[in-house]
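Enquirer: Below you will find the structure I want to go over with you.
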Amino acid sequence: MNIGEAIKRLRLENNLTQEELAARCELSKGFISLLERDLTSPSIATLMDILDTLGTDIQSFFKPDQEEKIVFTKEDIFVKEDIEKGIVLEWLIPNAQKNAMEPILVELQGDSVLFEHNPHEGQEFGHVLLGTITVQIGNHIYKVKKGDSFYFKSNSFHKISNIGKKAAHVLMVSTPPNF
């Protein structure tokens, strides 16, 4: 494996200049340049810092190229059920927290709250498949029915809940992943 070439490819995929990568890893631009041309080798700790900055890890970096998985089946779904809170979360894509988006299927029983979040970086999208929910953003409360969608930046307090008596199902996508 050509380590320098692989680092350069990852850097370009992340739309970073050598200078930006160097700054994020507390290295010099010259070191990154030498590294990408295979004129120097990083220590394990430095390589781990670079790979973390580029959104990967040592194991993924060195494993043989595998075809990217495109189609996911019900066997790939991870389910977490909280009976007391009346919530079922289904992560539709394994290890989605390593991706830019995190798609989740949410089942909310009546009188349940999915979450109450203080402002944070990111965006959230949802499409109601069944039932009706409320989405609170700051002081505004929106009623979202079956067939409706919502989208918002997460830079305000926000809360998603089912205040009705019947179950609601919502396809949610958050970026960056935060579930």
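The values are calculated or read from the model by the stated rules, or taken from the named source; none is laboratory data. Because the structure is predicted, anything quoted here is derived from the model rather than measured. Neighbour counts are summed over all protein chains in view; Cβ atoms, including those assigned to glycine, are modelled from backbone coordinates with ideal geometry. The accessibility values were calculated without ligands, DNA or RNA, using every heavy atom of the protein model including side chains. Shrake-Rupley method; radii C 1.70, N 1.55, O 1.52, S 1.80 Å.
Enquirer: Under a crude label model (7 Å from the Cα following the beta-carbon direction), how far is H140 from K63 in nanometres?
Expert: Going by the 7 Å Cα→Cβ label model, 4.3 nm.
Enquirer: Related question: In debye, nearest 20: dipole of the range 103-174 around its Cα centre with unit charges on the Cβ of K, R (+) and D, E (-)?
Expert: 280 debye
Enquirer: I've got another one for you. Given R₀ = 35 Å, FRET efficiency for A167-E121 by Cβ-Cβ distance, to 0.05?
Expert: The formula returns an efficiency of 0.70 here.
Enquirer: May I pose another question? Can you give me the accessible area per residue for the chain, using a 1.4 Å probe, in Å²?
Expert: For the chain, the solvent-accessible area averages 64 Å² per residue.
Enquirer: Residue by residue through the range 155-162, what is 3J(HN,Hα) from phi via Karplus (6.51 cos²θ - 1.76 cosθ + 1.60, θ = phi - 60°)? Round to whole Hz and write x for glycine and proline.
Expert: Values, residue by residue: 8, 10, 4, 8, 9, 10, 8, 10 Hz.
Enquirer: Follow-up question, since we're still on this one. Please go through the residue pairs K80/K165; K74/K146; K69/K98; K98/K153; K85/K145 and name each one whose alpha carbons sit more than 18 Å apart in this structure.
Expert: Working: K80/K165 22 Å; K74/K146 23 Å; K69/K98 14 Å; K98/K153 20 Å; K85/K145 21 Å.
Flagged as over cut-off: K80/K165; K74/K146; K98/K153; K85/K145.
Enquirer: Another one. Quick one: if you stick a label point 7 Å off each Cα along the C-beta vector at V113 and I3, how many nm between them?
Expert: Here the answer is 4.9 nm between the modelled labels.
Enquirer: Each residue of the range 164-174 in turn: what ³J(HN,Hα) in whole Hz from Karplus with 6.51, -1.76, 1.60 and θ = phi - 60°, glycine and Pro shown as x?
Expert: For the range 164-174, the Karplus curve yields x, 9, 8, 5, 10, 10, 9, 8, 10, 9, 10 Hz.
Enquirer: 5 Å is the cut-off here: which amide hydrogens, built 1.01 Å from N in the peptide plane, fall below it relative to F78, excluding neighbours closer than 5 in sequence?
Expert: W91
Enquirer: Quick check: net charge around L108, other residues with Cβ under 11 Å of its Cβ, Lys/Arg +1 and Asp/Glu -1?
Expert: On the way: positive: K85, K166; negative: D82, E107, D111.
In short, -1.
Enquirer: Quick one: net charge around L92, please, counting Lys, Arg +1 and Asp, Glu -1 for every other residue with C-beta under 10 Å from its C-beta.
Expert: It works out to a net charge of -2.
Enquirer: How big is the dipole moment of the chain about its Cα centre under a simple scheme where the beta carbon of each Lys and Arg is +1, that of each Asp and Glu is -1, and everything else is neutral? Debye, nearest 20, please.
Expert: Computed charge dipole of the chain: roughly 620 debye.
Enquirer: Between beta-carbons, use under 9 Å as the cut-off and find the net charge around C25, counting Lys and Arg +1, Asp and Glu -1. Could you put the intermediate results ahead of the total?
Expert: Values: positive: R24; negative: E26, D49, D52.
Value of the local net charge: -2.
Enquirer: Between E19 and F157, what is the FRET efficiency for a Förster distance of 35 Å, r being their Cβ-Cβ separation, to the nearest 0.05?
Expert: 0.40
Enquirer: Right, another one. Count neighbours as other Cβ atoms within 10 Å of each site's Cβ, and list the chymotrypsin sites (Phe, Trp or Tyr not before Pro) in the range 33-141 that are DSSP loop with at most 14 such neighbours.
Expert: Of the chymotrypsin sites (Phe, Trp or Tyr not before Pro), the ones in loops of the range 33-141 whose Cβ has at most 14 other Cβ atoms within 10 Å are F72.
Enquirer: Kindly provide the GluC sites (Glu not before Pro) of the range 39-117 that DSSP labels as loop, not H, G, I, E or B, and whose Cβ sees at most 12 other Cβ atoms within 10 Å.
Expert: E67, E68, E84
Enquirer: Let me check against my output: what whole-number percent is the relative contact order of the range 34-163, with C-alpha pairs under 8 Å and at least 6 apart?
Expert: 18 percent
Enquirer: Taking a quarter of the surface of the convex hull around the Cα atoms of the range 12-114, what do you get in nm²?
Expert: Hull-based average projected area comes out at 9.6 nm².
Enquirer: Okay, moving on. Compute the angle between helix 44-53 and the longest alpha-carbon principal axis of the chain, please, reported from 0 to 90 degrees and rounded to the nearest 10.
Expert: Helix 44-53 sits at roughly 40 degrees to that axis.
Enquirer: Could I ask something else about it? In the chain, carbon and sulfur make up what percent of the accessible area (probe 1.4 Å)?
Expert: Numbers: 5850 of 11440 Å².
That share works out to 51 percent.
Enquirer: A further question on this structure: Output wanted: per-residue J couplings in Hz (rounded whole) for the range 126-138, from phi through Karplus 6.51 cos²θ - 1.76 cosθ + 1.60, θ = phi - 60°, x for Gly and Pro.
Expert: Result, rounded to whole Hz: x, 10, 7, 8, 7, x, 9, 10, 10, 10, 9, 10, x.
Enquirer: State, in angstrom, two size descriptors of the chain derived from its alpha carbons: Rg to one decimal place and Dmax to the nearest whole number.
Expert: My reading of the Cα-based Rg and Dmax gives 20.9, 66 Å.
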